[in-house]
Amino acid sequence: MTRALPSFPWEDETLAWHFTGPTLRDGRPIPLPGVWLTHSSPMIQICRSGLHASPRIIDALGYAPGPTLHRVTMRNVVQWDHDKMVARERRIEWSMDATEVLHDFITRCKRELHDLIGSIAPPAWPHTDKIEIAGANLARRLVWAMARNETRAVGIENTRAVDDDLNHRKEDASAEVDRWLQALVETPR
């Protein structure tokens, strides 16, 4: 669901996260840090056209076409959704190859999942050798397991109340997992 851009917390410029492969999705080279990339088409629409990024690393990971992580500044944000935004301009502040970070993140997610459910059953999605896809899938699975575990702990009986509680706890779990990933990104290597 796309929502109108609120006046707060978005400002004229806002920091966000963006993953890429060796090039941008349209094949252009990755711009150097400090250079503004501009979307010249008059049409800017989330998931269709424009320059995209996410407010949290965990959300950006869900759209990652490769393991290169960028801290970006977004300017002239036109639309936002719960996990992404689209703007007319984006500038890379810094970049890193997040392969090692994602390996560490996946290891932590597996350990946490094992502690929650006792084993790590094969995932319901196809196996992949792409670390960014594996990380996003495992993080999604962990967030749901954490939320379900917390909901069961309170013993809610009503189905509607369970759904509401689960969605709330899923947001809390997602924020916690995002903090883990952000801490890994900020750890000197």
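Residues in segment 53-83 that are over 18 Å from G135 (Cα atoms) and in contact with a helix residue (DSSP H, G or I) (Cβ under 9 Å, 6 or more places away or on another chain): 2 in all. Taking D83, is it within 26 Å of E186 (Cβ to Cβ), of a type in the set (D, E), out of contact with any Phe, Trp or Tyr (no Cβ under 9 Å at 6 or more places or on another chain) and modelled with pLDDT of 80 or more? No. Quick one: in segment 146-166, of everything that is surrounded by fewer than 12 Cβ atoms within 10 Å (Cβ to Cβ) and either under 23 Å from P67 (Cα atoms) or of a type in the set (S, T, N, Q) (or both), which residue is modelled with the lowest pLDDT? For segment 146-166, the residue satisfying everything is N158.
Condition check: surrounded by fewer than 18 Cβ atoms within 10 Å (Cβ to Cβ) and assigned by TED's automatic domain parsing to the domain that holds D83. Does I46 satisfy that? Yes, satisfied. Restricting segment 167-189 to residues that are more than 10 Å from V101 (Cα to Cα) and among the aliphatic types (A, V, I, L, M), the residue that is surrounded by the most Cβ atoms within 10 Å (Cβ to Cβ) is V177.
The values are calculated or read from the model by the stated rules, or taken from the named source; none is laboratory data. Because the structure is a prediction, the values reported are computed rather than measured. Neighbour counts are summed over all protein chains in view; Cβ atoms, including those assigned to glycine, are modelled from backbone coordinates with ideal geometry.
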